[in-house]
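J.: Below are the structure tokens for one structure; questions will follow.
Any read-out appearing in this document is the output of simple, stated calculations on the displayed coordinates, not a laboratory observation. Since the model is a prediction, treat every value here as computed from it, not as a measurement. Every residue, glycine among them, receives a Cβ derived from its backbone with ideal geometry; neighbour counts consider all protein chains shown.
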Amino acid sequence: MAIELSGKTALVTGGGQGLGAATAGMLAQAGANVVVNYFADPDGLNRQRAEQTAQRIGSRATAVEADVRDGMQVEAMMEQAIRRFGRLDIVVNNAGIVRDRTLKKLSAQDWQAVIDTNLTGVYNVCKAAAERLSDGGRIINLTSISATIGFFGQSNYAAAKAGVIGLTKVLSRELAKRRITVNAVAPGVILTEMGQTIPEATRAEMLKLIPLGRFGKPDEVAGVILFLAGDLASYVTGQVIHVNGGWYG
């Protein structure tokens with residue numbers, strides 16, 4: 001049974017690389033129009049990657065700049081998406097950063113930077129989306145294995161991602177009357193650019209804890225997001241779907 005998203009529009013934050021790009025591509029393969037969001041970094045690399053992702057998809061995709069930390073920019077992005085494609089049906093909160101430090105070395109600035117992007121950014125997108133999503137729409141939030149295990153040196157990241165889980169569960173109740181489902185996907189270690197920044201020795205130790213004996217691939221997470229975006233998941237809401245090869249502690 002194929003998952004069919006033709007006529008629907010999806011917005012993927014941080015959609016130019018890694019899990020975001022894999023998700024944007026898979027949603028497009030299922031027929032969706034796709035808005036590939038990016039944050040404008042000084043060297044323009046994020047824009048380049050987002051535009052390349054949109055170009056690979058074709059005429060049913062567009063790259064749109066917005067800083068998820070800024071609620072007004074988020075609202076403008078969604079209005080632009082609706083003007084382009086006529087509707088908004090699926091929102092994937094993928095944008096995120098890391099600033100790993102032990103608590104002793106973690107500055108207030110690095111704490112706040114991660115909270116602002118990884119938690120407040122999700123709030124901004126969810127708030128704007130709730131007013132614009134079609135009835136029966138989907139919100140899918142990316143959390144992390146770190147939220148439940150608590151990796152060393154990730155107090156800011158783990159706290160933000162745990163907050164995303166709480167937000168997901170509350171919004172699943174608040175938006176249920178409009179048949180909008182809200183779920184979270186918690187990847188384990190996935191070999192994206194972010195995953196490859198983990199020191200090799202640390203990765204070797206992590207690998208020993210994964211029952212399937214390997215790290216994940218972006219498409220393996222994107223496939224779960226695709227399922228949650230489609231009609232087969234119409235009775236799934238308020239859930240955290242772990243995609244981690246069996247690593248639970």
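J.: Find how many whole Å separate the alpha carbon centroid of the stretch 178-249 from the alpha carbon centroid of the stretch 93-144.
T.: Here the answer is 17 Å between Cα centres.
J.: Next question. Determine the sum of side-chain charges near residue 106: Lys and Arg each +1, Asp and Glu each -1, restricted to other residues whose C-beta is under 14 angstrom from that of residue 106.
T.: Details: positive: 99, 101, 104, 105; negative: 100, 110.
Value of the local net charge: +2.
J.: For the stretch 190-249, calculate the relative contact order in percent as a whole number, restricting contacts to Cα pairs under 8 Å that are 6 or more residues apart. Show your work: numbers first, answer last.
T.: Values: 35 pairs, mean separation 26.2, N = 60.
After rounding, I find 44 percent.
J.: Where nothing but the Cβ of Lys and Arg (+1) and of Asp and Glu (-1) is charged, how large is the charge dipole of the stretch 1-64 around its Cα centre, in debye to the nearest 20?
T.: Values: 5 positive and 4 negative charges, 26 e Å.
Dipole about the Cα centre, nearest 20: 120 debye.
J.: Turning to a different aspect of this structure: Quick one: net charge of residue 5's neighbours, Cβ under 13 Å, K/R +1, D/E -1?
T.: Values: positive: 8, 60, 87, 138; negative: 4, 89, 231.
Here the charged neighbours net out to +1.
J.: Lysines near residue 208 by alpha-carbon distance under 25 Å, same-chain residues fewer than 8 away left out - which ones?
T.: Straight-line reach from residue 208, under 25 Å: 161, 217.
J.: Here's a follow-up. Among 64, 38, 230, which residue has its Cα furthest toward the positive end of the charge dipole of the chain, with +1 on Lys/Arg Cβ and -1 on Asp/Glu Cβ?
T.: 230
J.: Contact order normalised by length for the stretch 142-249, with contacts defined as Cα pairs under 8 Å and 6 or more residues apart; what percent is it?
T.: Numbers: 148 pairs, mean separation 37.3, N = 108.
About 35 percent, as a whole number.
J.: I would also like to ask the following. Working out 0.36 nm times the residue gap between residue 234 and residue 76, then minus their Cα-Cα distance, what length gain in nm do you get to one decimal? Each step should come with its number before you reach the end.
T.: Numbers: separation 158, 0.36 × 158 = 56.88 nm, distance 2.85 nm.
Length difference between fully extended and current span is 54.0 nm.
J.: Suppose the chain between residue 227 and residue 104 were pulled fully straight at 0.36 nm per residue; how much longer would it get relative to their current alpha carbon spacing? Don't skip to the answer; put the middle values down first.
T.: Working: separation 123, 0.36 × 123 = 44.28 nm, distance 4.08 nm.
Length difference between fully extended and current span is 40.2 nm.
J.: What nm distance separates the two modelled labels at residue 202 and residue 29, each placed 7 Å from Cα along Cα→Cβ?
T.: For residue 202 paired with residue 29, the spin-label model returns 3.1 nm.
J.: In percent, what relative contact order does the chain have, based on Cα pairs under 8 Å that are 6 or more apart in sequence?
T.: Relative contact order, the chain: 19 percent.
J.: Still on this model: Work out Dmax and Rg for the chain from the C-alpha atoms and quote the Rg first, both in angstrom.
T.: Rg, Dmax (Cα atoms, Å): 17.0, 52.
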